[in-house]
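Coordinate-derived values only; no laboratory data. Nothing here was measured: the structure is a model prediction, and the numbers come from that model. Positions of Cβ are backbone-derived with ideal geometry, glycine not excepted, and every protein chain shown enters the neighbour counts.
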Amino acid sequence: MDGIRHPGCVTNGLPEGAVPIGTGETEEAREFALKRLEELSTVVAALRPMLEHPMQAQPGSSLAADDRAYPEYPTSSIAWTGIAAGIDALSTFFAALAGDRTAYGTGHRALARAALNGAAAAVFVLAPPSRTIRTKHALRLAKDDLDSYETMLKDARDTIGVGSPEQWQQIETTVAERQRTLLEVSDKIGLPRGQLKKNPTLKEMLGYALDERLDECDTALRSALNLTLAQLNSAAHSGRWHMLMGATHALDTPEGFHARVVTTTTDLTNMIAGPVLLLERALNLFTSRAQPH
């Protein structure tokens, strides 16, 4: 991360003629944000090697017992998928920043949201104190993933036309069996099918993750996540309001006078600090639940 260690090396790509329309980032705030970014990048760099060695539930652990509820898509797999996605998105965030030293308005926010979603999903299935609740959360995520996979298979079969009818029949039979088993497990633990089919949103998972935080970091984590979630959602869905709300410059063009947002170094820190903290929470939960009693 040598590329972001000193002021002046993170640029915002302002076009010539852009006129400031608000108070910009102070040099003191920029210095502080650069230091914090370096600290966060160090944390993420240390996590990156974990992608080569996925974490697993050890025999006799609480997480291993959770996995037995639906072995076709065990809780530990759902949790690790979220953690791995978070590490990957965060690594890309910092790699892109170090690569061309440019703070992008949408790209970095989209990566931060991907990391936040992965970490929140992991906490969603690991944090509940009750195995029944953990299993219900895991089944809802498994159902959403399986439904998406089933839809993709239908589209692929109609589009690419590869494979024999027998091969496709075998795949469809396997998916149908997994769906049947998932419904049986859901009924057994008392999860209504209407709720099972309700895709857990990032807002729901994040809200649960915040409610389950019981240590001294509660206030810092809640503030960091609530500060950025709405803006990250807007950016990830190609929205405009986050650009207008944070506009710092305007530009007179042949098409008219346009407000333009500048992603500052402080913005980068605010959008990524929450995902990093939540990912650490997910890793701590996984480690604790994966160890034998």
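Could you work out the relative contact order of the stretch 52-127, using alpha carbon pairs under 8 angstrom and six or more residues apart, expressed as a whole percent? Spell out each step's value before the answer.
Numbers: 64 pairs, mean separation 26.7, N = 76.
35 percent.
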_Isotropically averaged projected area of the stretch 48-157, using the convex hull of Cα atoms (one quarter of hull area), nm²_ = 9.0 nm²
*Estimated inter-spin distance, Gln291 and Glu255, nm [label 7 Å along Cα→Cβ]*: 5.6 nm
*For Thr173 and Ala29 in one chain, what is 0.36 nm times their gap in residues minus the Cα-Cα distance, to one decimal in nm?*
46.0 nm
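Between Arg193 and Glu150, what length in nm is gained on full extension when 0.36 nm per residue of separation is reduced by their alpha carbon distance?
Working: separation 43, 0.36 × 43 = 15.48 nm, distance 1.79 nm.
Taking 0.36 nm per residue and subtracting the Cα distance, the gain is 13.7 nm.
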_Distance between modelled label sites at Thr132 and Arg180, nm, 7 Å Cα→Cβ extension_ = 2.8 nm
_Protection proxy ranking, peptides 90-98, 102-110, average beta carbon neighbours within 10 Å, highest first_ = 90-98, 102-110
*Sequence neighbours fewer than 8 away in the same chain don't count; with that in mind, list the lysines whose C-alpha is under 17 Å from Lys197.*
Lys136, Lys143, Lys188
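How big is the Kirkwood radius of the stretch 147-205, worked out from every pair of different alpha carbons and given in Å to one decimal?
Values: mean 1/r = 0.0742 Å⁻¹.
This gives a value of 13.5 Å.
Run the numbers on the stretch 43-198 and let me know its relative contact order in percent, using alpha-carbon pairs under 8 Å that are six or more apart.
Taking the mean separation of contacting Cα pairs over the length of the stretch 43-198, I get 23 percent.
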